[in-house]
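For reference, the structure is listed below as structure tokens.
The values are calculated or read from the model by the stated rules, or taken from the named source; none is laboratory data. For clarity, every value in this text was computed on a predicted model and none was experimentally measured. For neighbour counting, all protein chains shown are included, and Cβ atoms are generated from backbone atoms with ideal geometry for every residue, glycine included. We work out accessible area using only protein heavy atoms, side chains counted, and drop any ligands, DNA or RNA first. Shrake-Rupley method; radii C 1.70, N 1.55, O 1.52, S 1.80 Å.
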Amino acid sequence: MDNLLLTIDQYKTDINNFIAPNSEAAETFRIKYLGTKGLVKELMGEMKNVTPENKRAFGQVMNEFKVFAEAKYETLKASTSKDGQASADEADLSLPADALPLGSRHPISLVRNRIVSIFQRLGFAVAEGPEIEDDWHNFTALNLPENHPARDMQDTFYINQNPDWLLRTHTSSVQVREMEKGKLPIRIICPGRVYRNETISARAHCFFHQVEGLYIAENVSFADLKQTLYFFVQEMFGKDVKIRFRPSYFPFTEPSAEMDISCLICGGTGCNVCKYTGWVEILGCGMAHPNLLDNCGIDSNKYTGFAFGMGVERITMLKYQIKDLRLFSENDVRFLKQFTAAV
Ligand code: DAH
């Protein structure tokens with residue numbers, strides 16, 4: 001019996017040291033130890049020569065040895081199988097590689113890029129600015145001095161008070177920064193993220209994206225504004241879409257207007273998307289207020305200009321008929337992966 005234990009120990013060391021670089025080697029192991037003519041079977045066959053009082057102990061030792069060899073075989077099999085690491089000589093290198101899942105652009109990015117490219121074709125350059133703004137660029141320079149009631153419509157998140165730093169409520173602040181540089185004429189569009197202190201719902205969020213535009217030169221008129229925006233709408237939504245302007249109020253433009261397009265769903269006959277009016281609002285615009293030009297050091301007797309601002313979420317919702325704004329920021333891939341094609 002003692003002899004047997006010594007022999008078994010030696011076999012166990014051999015088994016431990018057995019290396020199988022591929023599945024053939026693992027099979028060799030199986031045949032050698034676990035096959036019908038293998039070592040385990042052979043040693044089991046010794047049972048008949050064991051004295052009756054040792055039979056039980058012998059059986060136990062052998063069983064344990066068998067389990068040990070089987071466990072090793074399972075490990076060898078797993079590490080050399082196709083699912084595990086296939087060895088170089090087994091791998092079929094001609095097979096195509098596993099496809100890497102490619103992401104797709106976010107619908108807001110797709111639509112923003114489209115808006116930008118339409119205006120670039122009209123000669124507008126992209127201008128960007130900080131999302132954390134000071135009071136001057138976000139409000140005061142835009143003819144929205146402290147305590148002006150129109151500030152109420154754009155409540156935001158303050159990072160610091162005295163001096164006031166805040167999250168910008170619109171990218172009009174970038175227009176101010178460009179005007180302050182003093183290089184005229186100016187023809188820019190300002191895409192970017194903006195923030196407002198709003199209750200989150202299907203139609204409003206505490207952050208969203210805008211593209212604002214500004215054109216300042218000599219003799220710019222409302223007709224230029226109208227034609228520029230008409231071109232944009234036709235490029236964005238198609239040639240059949242109509243536009244209309246409604247008088248409105250913004251402190252930084254005079255006169256100011258809101259622009260509607262004919263409803264894309266019903267074509268203007270009335271449906272629940274356009275609330276049975278046939279029109280949907282898409283942006284605010286107007287002629288740059290002389291106070292705004294003066295605040296930025298531009299001679300308002302010599303120069304005129306127009307400005308406009310639109311929400312990218314709004315355009316995207318109209319373009320793709322998305323009913324809930326929250327989908328844009330929930331990161332649900334089932335939603336996001338639907339937008340693969342350029343608009
Ligand atoms: N800044 C305005 C807003 O966020 C939108 C806007 C309206 C921008 C008229 C303009 C403009 O440049 O002329 O509500």
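Enter the per residue convex hull volume of the chain, computed from alpha-carbon coordinates, in Å³ rounded to the nearest integer.
Normalising the Cα hull of the chain by residue number yields 283 Å³.
Express the Stokes-Einstein translational diffusion coefficient of region 104-222 in µm² s⁻¹, to the nearest whole number, given a Kirkwood radius over alpha-carbon pairs, 37 °C and a viscosity of 0.692 mPa s.
Estimated via Stokes-Einstein, D reaches 212 µm²/s.
Among all the aspartates and glutamates, which ones have a C-alpha under 15 Å from Lys181's C-alpha, if same-chain residues fewer than 8 places away are not counted?
Lys181 reaches Glu128, Asp294, Asp299.
Taking just the alpha carbons, could you work out the radius of gyration and Dmax for region 2-80, both in angstroms?
13.4, 43
Shape call for region 174-231 from the C-alpha gyration tensor, a ≥ b ≥ c root eigenvalues: rounded (a/c under 1.5), prolate (a/b greater than b/c) or oblate?
Oblate, since a/c reaches 1.5 and b/c is not below a/b.
Which lysines does Lys226 reach when only Cα atoms under 17 Å apart count, and residues fewer than 8 places away in its own chain are ignored?
Within the straight-line cut-off, Lys226 pairs with Lys239, Lys242.
For region 245-297, just say rounded, prolate or oblate: build the C-alpha gyration tensor, square-root its eigenvalues into a ≥ b ≥ c, call rounded for a/c under 1.5, and beyond that prolate if a/b exceeds b/c, oblate if not. Let's see the in-between values first.
Numbers: a/c = 4.83, a/b = 4.22, b/c = 1.15.
Cα axes put region 245-297 in the prolate bin.
Longest span of the chain, sites excluded, free of GluC sites (Glu not before Pro) in DSSP loop with at most 15 other C-beta atoms within 10 Å? Could you put the intermediate results ahead of the total?
Working: sites that count: Glu90, Glu128, Glu131, Glu146, Glu198, Glu218, Glu330.
Looking at the chain, 219-329 is the longest stretch - no exposed GluC sites (Glu not before Pro) with at most 15 other Cβ atoms within 10 Å.
So what's the Cα pair-distance distribution over region 84-154, bin width 5 Å, in %?
Taking all Cα pairs of region 84-154, the binned fractions are 3, 10, 10, 9, 9, 12, 10, 6, 5, 5, 6, 4, 4, 4, 2, 0 percent.
Can you give the helix-only mean residue ellipticity at 222 nm for the chain, where every DSSP H stretch with n ≥ 4 adds -39500 (n - 2.57) and the sum goes over all residues, rounded to the nearest 500 deg cm²/dmol?
-10500 deg cm²/dmol
Can you return the lysines within cross-link range of Lys337? Criterion is Cα-Cα under 22 Å, with same-chain partners fewer than 8 residues away left out.
Lys319, Lys323
Using a 1.4 angstrom probe on heavy atoms only, work out the carbon and sulfur share of the accessible area of region 72-166 in %.
That share works out to 53 percent.
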